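Here's the structure we're looking at; comments come further down.
Rule-based calculations on the coordinates, nothing more; no lab input. Worth saying up front: this structure is predicted, and the values here are computed from it rather than measured. Cβ coordinates were reconstructed from backbone atoms using ideal geometry, including for glycine residues, and neighbour counts include every protein chain displayed.
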Ligand SMILES: [Zn+2]
């Protein structure tokens, strides 16, 4: 079973629990995947670097996040086809992609 470390804290294994955030590389937003604990801080850092570079900051749309996650887990599954945690995480993302629009509405209601 292969571990994929969170690139920010270099501690957590994000193979089956990744969170898409972004960072600026040569003034261009680039997606990278971090652990649950790093996610908020990574987004805040991205927001601050956008502001200091005069680049408009917008949250990543939920469906875009889910699509990125699907690709990430599909890559992990190619590396470790027997890792049940990754299979489960991928299934969860695919399930949420199917109900995405419903979820967005219920979030507005909350
Ligand atoms: Zn982390």
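Points worth noting:
- Residue tally, condition under 14 Å from residue 4 (Cα atoms), surrounded by 13 or more Cβ atoms within 10 Å (Cβ to Cβ) and near the ligand (Cβ under 9 Å from one of its atoms), over region 22-41: 2
- Region 47-70: number of residues that are surrounded by 13 or more Cβ atoms within 10 Å (Cβ to Cβ), assigned to a helix (DSSP H, G or I) and without any contact (Cβ under 8 Å) to a residue 12 or more places away in the chain: 1
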